[in-house]
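Written below as structure tokens is the structure these notes are about.
The values are calculated or read from the model by the stated rules, or taken from the named source; none is laboratory data. Because the structure is a prediction, the values reported are computed rather than measured. All Cβ positions, glycine included, derive from the backbone under ideal geometry; neighbour counts span all protein chains shown. Please note that ligands, DNA and RNA were not included when accessible areas were found on the heavy atoms of the full protein model with its side chains. Shrake-Rupley method; radii C 1.70, N 1.55, O 1.52, S 1.80 Å.
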Amino acid sequence: MPDSRDPEVEVRRSTRRRRTVSAFREKGRLVVAIPARFTRAEEEHWVAVMTKRVLAKERRRRPSDTGLAAAADRLAATYLPPDVRPTSVSWVTNQGQRWGSCTPAQGTIRISHRLQGMPSWVVDYVLVHELAHLVVGGHGQDFWDIVNRYPHTERARGFLHGVAYRDSEGGPGSDEEPDVD
């Protein structure tokens, strides 16, 4: 994808388009569709407006590691003992089966990029799940006592089960639990 600060833009004029302007990505390029009757000044205006809108939408869909770490700090302060905090929290693209993972010895948490664009309460649940591993290594009752303090745990688990079911190759009858860590 081109640099999001200066994307490659293609303007498409259409005689069938009367008033509406739209923008979308196509092969890494930003396409702005405008009515053919627009002047150059109107074109420049709408390219600037639509570029700003698309880039803002893309930023919301691809949150930063900094934002993820801030959410983890907020959740850790709420659900973990005061002296337990992660050393790093980051989005990763190499977790096709897991929603997240934690290495307690290093205090590192990795969250799958597949969660980007999902509701914040789902991402927060996965963060709480991974943060709980900084306190309890396994998935015993002590672990779940921490995770279940998060008020949306059951709702988020159900959401993730639905996404995993939709994405599974097993289809109907596939009852496997999605891997959170």
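If the condition is being of a type in the set (D, E, K, R), assigned to a helix (DSSP H, G or I) and at pLDDT 95 or above, then the range 117-167 contributes Asp124, Glu130, Asp142, Asp145, Glu154, Arg155, Arg157. Residues of the range 120-173 that are open to solvent by less than 10 Å² (accessible area, probe 1.4 Å) and among the aromatic types (Phe, Trp, Tyr): Tyr125, Phe143. Taking residues in the range 126-143 that are without any contact (Cβ under 8 Å) to a residue 40 or more places away in the chain, and partners anywhere that are charged (D, E, K, R) and surrounded by fewer than 16 Cβ atoms within 10 Å (Cβ to Cβ), the pairs with Cβ atoms closer than 8 Å and at least 6 places apart or on different chains are Val136/Asp142. Whether any residue in the range 31-40 is surrounded by 11 or more Cβ atoms within 10 Å (Cβ to Cβ) and either of a type in the set (Phe, Trp, Tyr) or part of a helix (DSSP H, G or I) (or both) is what I want to check. Scanning the range 31-40 turns up at least one residue that is surrounded by 11 or more Cβ atoms within 10 Å (Cβ to Cβ) and either of a type in the set (Phe, Trp, Tyr) or part of a helix (DSSP H, G or I) (or both). Taking the listed residues Gly67, Gly96, the one that is in a loop (DSSP other than H, G, I, E, B) and surrounded by fewer than 15 Cβ atoms within 10 Å (Cβ to Cβ) is Gly96, with no other qualifying.
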